[in-house]
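Written out below as structure tokens is the structure these notes cover.
The values are calculated or read from the model by the stated rules, or taken from the named source; none is laboratory data. Nothing here was measured: the structure is a model prediction, and the numbers come from that model. Please note: Cβ atoms are built from the backbone with ideal geometry, for glycine as well, and neighbour counts cover all protein chains shown. Side chains included, ligands, DNA and RNA excluded: accessible areas come from the protein's heavy atoms. Shrake-Rupley method; radii C 1.70, N 1.55, O 1.52, S 1.80 Å.
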Amino acid sequence: MNRKGEFNMDDRLKDFLLNSSSNFAFGYVKFEGDFYSFSMDNGDYSYKKFDFEEFKSFFNIFAEEKLRLFLKTLEGLIHNSNGKISPVVSRLGLLEPKIESLKDNPEYRGVDRVFQKIVKSVKDLMGMYDSIGDFLMYYGMDEEVSLNLKRFFDGFHQAVITDREIKHKVVFDIDIDEFINMKVNGKDFMRAFYFLSEALFSLIRNKEETFDLKITASKEEKVLISINFPKMPFAIDNDGNLGWDMLQSYMYYNLFKNILENRNFLIKEFEQNIEIEH
């Protein structure tokens, strides 16, 4: 390629980076069949070509490290919060008989209702932390376990909405009966659904719309889980150019599929949903 061609390639790639990945200070893209790492420095892009296998190895490490950081952050949140909440619960218990003795006093009318609202709020908060704890627990179970799908996905919901952007952009609808259990490797099942969530959420971060995510499950001879979302990672055209958000989504989705297919799950892809059978 002559110097003019090299210059044109440089301009095309930088223009693509500006249009596709300007929200990122660094990352990776696929452009005209090749993979590049990039970084923004003093308002200009620098980049380096990567072999796909080299990029794939890097991304697998990147994804696992991101998961571990996510888990550590949640574990720290729960640990620190429990230290603050436990004394509150204890003091509320001491206050309850005093509140009961005051509720018929005209000067304190309604105080019992206010107290019960406070108690309910604290119990709801403790329930949220317990739910996240249930979800995190499976990462340490590298063995076959009986997993209750409702508890798992309730915990999944509470865990992922600790990301404020996801909390305000994604409307969750989890419709799963309490009796549906599934025999799975706990660690791999948890890893797979974390990577699926990143595959979905990579497509909507820094966007203005709100999105619905519906998770349902049924059980006959086998358990069937359905994930409905308006944008699906498997619809990404891997033959085209991919900015860092699209490339992350594509790679996370492949991690999700590989983990579950290696555990003998059947995954079916439709226009706006996937079905997972086991």
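If we count chymotrypsin sites (Phe, Trp or Tyr not before Pro) as exposed when they sit in a DSSP loop and have at most 15 other beta carbons within 10 Å, what is the longest stretch of the chain that avoids them all? That would be 1-178. The residues of the chain have, on average, 57 Å² of accessible surface per residue, using a 1.4 Å probe with all protein chains present. Counted residue by residue at 0.36 nm each, then reduced by the alpha carbon distance between them, the extension gain from residue 178 to residue 212 reaches 10.0 nm.
Under 5 Å between amide hydrogens, built in the peptide plane, is the criterion, and for residue 50 it picks out 35, 36, 37 among residues at least 5 positions away or on other chains. Farthest toward the positive end of the dipole of segment 92-163, out of 99, 157, 140, is the Cα of 99, where the dipole comes from beta carbon charges about the Cα centre. With the crude spin-label approximation of a point 7 Å out along Cα→Cβ, what separation in nm comes out for residue 41 versus residue 273? Reported label-point gap for residue 41 and residue 273 is 4.9 nm.
Between residue 122 and residue 168, the simple label model (points 7 Å from Cα in the Cβ direction) yields a spacing of 3.0 nm.
Helical runs (DSSP H, four residues minimum) scored at -39500 (n - 2.57) apiece and divided by the length of the chain put the mean residue ellipticity at 222 nm at -18500 deg cm²/dmol.
Residue 137 to residue 258: extension gain in nm, 0.36 nm per residue of separation minus the Cα-Cα distance? Let's see the in-between values first.
Values: separation 121, 0.36 × 121 = 43.56 nm, distance 2.19 nm.
Contour length minus Cα-Cα distance gives 41.4 nm.
The share of accessible area on segment 27-129 that comes from carbon and sulfur is 56 percent, using a 1.4 angstrom probe. Relative to the longest principal axis of the Cα atoms of the chain, helix 3-20 runs at roughly 20 degrees. Here residue 72 is the anchor, and the lysines within straight C-alpha reach of less than 17 Å, apart from those fewer than 8 places off in the same chain, are 187. Just to confirm a number: summing +1 for Lys and Arg and -1 for Asp and Glu over residues other than residue 112 whose beta-carbon lies under 12 angstrom from that of residue 112, what do you get? Net charge in that neighbourhood comes out at +2. Measuring spread by the Cα atoms of the chain yields a radius of gyration and Dmax of 23.8, 91 Å.
Based on Cβ point charges of +1 for Lys and Arg and -1 for Asp and Glu, what charge dipole magnitude is obtained for the chain about its Cα centre, in debye rounded to the nearest 20?
880
Axis of helix 111-137 versus longest Cα principal axis of the chain: the two differ by about 40°, to the nearest ten degrees. For segment 139-235, the list of GluC sites (Glu not before Pro) that fall in a loop by DSSP and count at most 13 other C-beta atoms within 10 angstrom reads 143, 178, 208, 209, 220, 221. Considering only protein heavy atoms, what is the solvent-accessible area of residue 32 at a probe of 1.4 Å, reported in Å² to the nearest 10? Number for this one is 90 Å².
A straight Cα-to-Cα reach below 21 Å connects residue 48 with the lysines 4, 14, 30, 56, residues fewer than 8 places away in its own chain not being considered.
Cross-link partners of residue 231 among lysines, defined as those whose alpha carbon lies under 19 angstrom from its own and excluding same-chain residues fewer than eight positions apart: 167, 169, 207, 214, 257, 268.
When the charge dipole of the chain is built from unit charges on Cβ atoms (+1 for Lys and Arg, -1 for Asp and Glu) and taken about the Cα centre, the candidate among 181, 81, 63 whose Cα reaches farthest toward its positive end is 81.
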